[in-house]
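The structure under discussion appears below in the form of structure tokens.
The values are calculated or read from the model by the stated rules, or taken from the named source; none is laboratory data. Since the model is a prediction, treat every value here as computed from it, not as a measurement. Virtual Cβ from ideal backbone geometry, glycine too; neighbours counted across all protein chains shown.
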Amino acid sequence: MPESDPLPPLREVIAAHGLAAKKSLGQNFLLDFNLTRRIARAAGPLEDTTIYEVGPGPGGLTRALLAEGAAHVVVVERDDRCLAALKEIAATFPGRLEIVAADAVRISERNILGGKANVRIAANLPYNIATILLVKWLTSAVWPPFWQSATLMFQREVAERIVATHVSKAYGRLSILSQWRSRARLLFDVSPRAFTPSPKVTSAVVRIEPLTEPVAAAQLADLEKVTAAAFGQRRKMLRQSLKSLAQNAETLVRDAGLDPTARAEQLSIADFAALARVWRKHVESR
């Protein structure tokens, strides 16, 4: 059940603690409580759930998650300046907020979460590490992963890449990683005016849900290699762009049942998986 939030408006909290967003940390504080509650609801269901949040800053989304009924929230924040504001939230919602002062890129989430079940990720990710973290979560060796869903805010351009389908300019390596063994959808845009300081670009909230099995069989490492080669020279035909993997690139593509004159953006995720399987056979036959 939604609860009231007795804490001062976030703008007052930021002023009281002398917090200014640091560009070096990719920070843009989200002030609109109606918007943060909308994001929290999009991350649901929240009851009987542990929410894992990266980069809470002064805690705008954290407060919304707790007010919307999250049973337990674990936040990871590397900016020590924000810890006092987060501790005030923890005192207001006793026993429901755990604060971890660490770099989310370097930590093991499984160690931080201690084997908790029903984990959902929800975060306004710092822009400078957003893609790094997403790739980290999507390339877990253990699958299904530790999270049941991830509701995340990115720059709109990144969000479009995550959900893009083939034969689109936004389609690329991130699209394939996001959709090979997950389901990704764009929920809504967020205006720059919702942040302080206001970024120069529109943001967007994306929800990603892991699938039990990939959409097509392949080894993750092989899929990453063939997509890196193909999109590394995306304007070239596959028979040229894949020569970094194999001199007989044209044969490789034909053995996967694909057209050697096609370009990377024309291949579906299943096509790339087929290419990865054939490349694995070629490697093992050397």
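The listed residues are ARG156, ARG161, and the only one of them that is more than 16 Å from LEU35 (Cα to Cα), touching a strand residue (DSSP E or B) at 6+ places or on another chain (Cβ under 8 Å), not aliphatic (A, V, I, L, M) and not assigned by TED's automatic domain parsing to the domain that holds SER268 turns out to be ARG156. Selection of first residues in the range 26-52 that are not assigned by TED's automatic domain parsing to the domain that holds GLU109 and of second residues that are at pLDDT below 95 and surrounded by fewer than 22 Cβ atoms within 10 Å (Cβ to Cβ), restricted to Cβ pairs under 9 Å at least 6 apart or on distinct chains, gives an empty result.
So that you can scan it fast, the table gives a plain yes or no per residue for (1) among the acidic types (Asp, Glu); (2) assigned to a helix (DSSP H, G or I); (3) closer than 21 Å to GLU160 by Cβ:
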site	(1), (2), (3)
PRO199	no, no, yes
ALA218	no, no, no
VAL226	no, yes, no
ALA230	no, yes, yes
LYS243	no, yes, no
ALA246	no, no, no
GLU250	yes, yes, no
VAL253	no, yes, no
ASP259	yes, no, no
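All of ARG254, ARG185, ARG193 fail the test of being basic (Lys, Arg), assigned by TED's automatic domain parsing to the domain that holds MET153 and out of contact with any helix residue (DSSP H, G or I) (no Cβ under 8 Å at 6 or more places or on another chain), apart from ARG193. Under the condition of being of a type outside the set (Val, Ile, Thr), assigned to a helix (DSSP H, G or I) and over 11 Å from the mean Cα position of the chain (by Cα), the residues counted in the range 126-176 number 6. State the number of residues belonging to the range 13-60 that are acidic (Asp, Glu) and touching a helix residue (DSSP H, G or I) at 6+ places or on another chain (Cβ under 7 Å). Residues in the range 13-60 being acidic (Asp, Glu) and touching a helix residue (DSSP H, G or I) at 6+ places or on another chain (Cβ under 7 Å): 2 in total.
Please determine whether any residue of the range 264-284 is outside any helix (DSSP H, G or I) and not assigned by TED's automatic domain parsing to the domain that holds LEU152.
Yes; the residues of the range 264-284 include at least one that is outside any helix (DSSP H, G or I) and not assigned by TED's automatic domain parsing to the domain that holds LEU152.
Just to be sure, is GLN179 surrounded by fewer than 22 Cβ atoms within 10 Å (Cβ to Cβ) and over 20 Å from LEU35 (Cβ atoms)? Here the answer is no, as GLN179 does not meet what is asked.
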